[in-house]
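All remarks here apply to the structure that follows.
The values are calculated or read from the model by the stated rules, or taken from the named source; none is laboratory data. Model, not experiment: these values are computed from the prediction. Cβ atoms come from the backbone with ideal geometry, glycine included; neighbour counts cover every protein chain shown.
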Amino acid sequence: MNPESTLARLQATLPDNKLPSSYGVYFKNTLVALCHALEDHILQTSGGGELEIKPLVLVTFQQGKWYLQEADRYFDIAKASRRVVIGAVADSGFANHKTGQLENVSLINLDPIDPIIQEWNLIILAPTYKAMVLCRELSHQEYQPQGKPEIDIERKFYGLWSFDQSLVSEAAKIFIEQTRHYDKALADQLLQLYGEILTTVGPPLADISGVVSRIVTYLQSSQQQMVAINRQTRDLWELEGQALRVSRNLNANKLQAFLRMAQRVDERDTANPTASLQVAALSETLGQLLDLPALQLRRLRLAGLLFRVGLVSAPNEVFTQTPDRFDQQTLTFWRDRSFIGSQLLQAMPELSPVAEIVKHKLEHWDGSGRPDGLRGEEIPIASRILGLVACFQEWTQGRGDRPALGLTAAWEKCREISGSRFDPALVDTLGNVVRLAEMGLMELPSRPSQLPNVWLEDAGDRTPSVTSAS
């Protein structure tokens, strides 16, 4: 990473220099989808609001020119914002566009030798929410051995996205200080506005759950658009080959977005930061003991990695308290978490079988569960496994004033509600695994046998075994 990049400066401020779990290498159209989703949130929530709760929007356009086609869009964004600051090269065209003429829009003409010229950043700071996308394109050397791709959609960026208030606030502060080199007076004004936003009290936090679904909607729709563009510029045989590559890239991008969501949930849950990996691993183990077909095992494994995506916009109380202490609104969200997750996953048709597994995770053996009240064998076997393992794994971790349970104690709690909440046969199978683990004849797996390539490489550093403390 370039030591002078915004990403590097942000990383230097973090404990152990560890960036959040959303950090990785992204295809360009994934980042377009992320930025569009965040921008749409501004347009849909800030247009008629009071000035004090409208956002400060800080943006740099890589080389400036590609995004000139969206200058009209930023005209509307500016009207829905308190202040917009756009960094781009001097000849990008923003200065002559109507957006650049607005009183609350400030333009920064970036020096072509400034490292930030290779960055593409969007930072949104409001009293009710904070969000950002930060990224920098790979250098020519980093693209080796193939070199920088000629096809725009195959370009790659180091990047991250986050709704974490402290992280976004720190990135905004770094951005503002970077403007000081170009315009000291502007930097001082922005710093004052920054302080006002951070000290504003009273407005309730905004609901950002809709942002997630918009991300996958953009990813879905972009395939047809890109094929249409290429149809105008390539011969038919070239188009067919390109369309296949586009399809593969987009499928990878959509799955990547979901996996990043799951990682972000795990990162927020400091009491149980490896839940997705552990649940996926143990679910796969039970599936193997039950001799599930290979295809069903793959779907179960992926469902284990994605079963918490419904918590991506959960209130903080979900990660710090036990459900008996939730207020009614949080409790309702908690009860619907699997249905919410399945709805998000349904946005990618290829994940429909996985979405069904997640959807029915909270069904109960006696028919008292959610969302459809399925009973007994009506509940898909993969959902029964996932529901049991997720509950068991949660009990092995502390939460609020509830201590972590040892393996046997956690299994005993599952056995107590066997026949009402859980499939008795599955509880017995889990019991066999627990006994073998307690006898030292096997170790509970801490990660599934296979991980998608987009799961962060350092995930192994965050995957301790399920605790056996009593």
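Examine the stretch 325-346 for a residue that is within 21 Å of Q263 (Cα to Cα), in contact with a His (Cβ under 9 Å, 6 or more places away or on another chain) and at pLDDT below 95, and state whether such a residue exists.
Yes, the conditions are met somewhere in the stretch 325-346.
Considering (1) touching a Pro at 6+ places or on another chain (Cβ under 9 Å); (2) modelled with pLDDT of 90 or more; (3) among the polar types (S, T, N, Q); (4) surrounded by 24 or more Cβ atoms within 10 Å (Cβ to Cβ), say which one Q263 fails and leave the rest.
Of (1) touching a Pro at 6+ places or on another chain (Cβ under 9 Å); (2) modelled with pLDDT of 90 or more; (3) among the polar types (S, T, N, Q); (4) surrounded by 24 or more Cβ atoms within 10 Å (Cβ to Cβ), only one is false for Q263: (2).
Could you please give the count of residues in the stretch 312-324 that are at pLDDT 90 or above and aliphatic (A, V, I, L, M)?
Step one: of the stretch 312-324, the residues at pLDDT 90 or above are 317-324.
Narrowing the set further to residues that are aliphatic (A, V, I, L, M) leaves 318.
Going through the stretch 312-324 one residue at a time, the tally reaches 1.
Restricting attention to the stretch 330-361, report how many residues are assigned to a helix (DSSP H, G or I) and in contact (Cβ under 8 Å) with a residue 12 or more places away in the chain. Step through it out loud before you land on a result.
Residues of the stretch 330-361 that are assigned to a helix (DSSP H, G or I), as a first pass: 330-335, 337-345, 349-359.
Subsequent filtering for residues that are in contact (Cβ under 8 Å) with a residue 12 or more places away in the chain retains 330, 333-335, 337-345, 350-351, 353-359.
Qualifying residue count, the stretch 330-361: 22.
So which of W455, W395 is buried (at least 17 other Cβ atoms within 10 Å of the Cβ) and at pLDDT 90 or above? First the steps, then the outcome.
Details: W455 fails: at pLDDT 90 or above.
Exactly one of W455, W395 is buried (at least 17 other Cβ atoms within 10 Å of the Cβ) and at pLDDT 90 or above, namely W395.
Could you list, in sequence order, the residues of the stretch 317-329 that are part of a helix (DSSP H, G or I) and under 19 Å from N272 (Cα atoms)?
Step one: list which residues in the stretch 317-329 are part of a helix (DSSP H, G or I), which gives 317-320, 323-325, 328-329.
E317, V318, F319, T320, P323, D324, R325 - these are the residues of the stretch 317-329 that are part of a helix (DSSP H, G or I) and under 19 Å from N272 (Cα atoms).
Evaluate the stretch 234-257: report whether one residue or more is at pLDDT below 50 and hydroxyl-bearing (S, T, Y).
In the first step, residues of the stretch 234-257 are kept if they are at pLDDT below 50; the result is 234-250.
Filter again for hydroxyl-bearing (S, T, Y), leaving 247.
Among the residues of the stretch 234-257, at least one is at pLDDT below 50 and hydroxyl-bearing (S, T, Y), which makes the answer yes.
Whether any residue in the stretch 305-316 is in a helix (DSSP H, G or I) and charged (D, E, K, R) is what I want to check. Full working, then the answer.
Filtering the stretch 305-316 down to residues in a helix (DSSP H, G or I) leaves 305-306, 309-311.
Filter again for charged (D, E, K, R), leaving none.
Within the stretch 305-316 (the criterion being in a helix (DSSP H, G or I) and charged (D, E, K, R)), the answer is no, since none of the residues qualifies.
For the stretch 103-149, name all the residues that are surrounded by fewer than 16 Cβ atoms within 10 Å (Cβ to Cβ) and either within 26 Å of L198 (Cα to Cα) or of a type in the set (A, V, I, L, M, F, W, C) (or both).
E103, N104, I113
Listed residues I116, I108; which is part of a strand (DSSP E or B) and modelled with pLDDT of 85 or more? Before the answer, list the steps.
Details: I116 fails: part of a strand (DSSP E or B).
Every option except I108 fails the conditions.
Checking the structure you have, find out if any residue of the stretch 80-89 is closer than 23 Å to Q189 by Cα, out of contact with any strand residue (DSSP E or B) (no Cβ under 6 Å at 6 or more places or on another chain) and modelled with pLDDT of 90 or more.
Yes, that holds for at least one residue.
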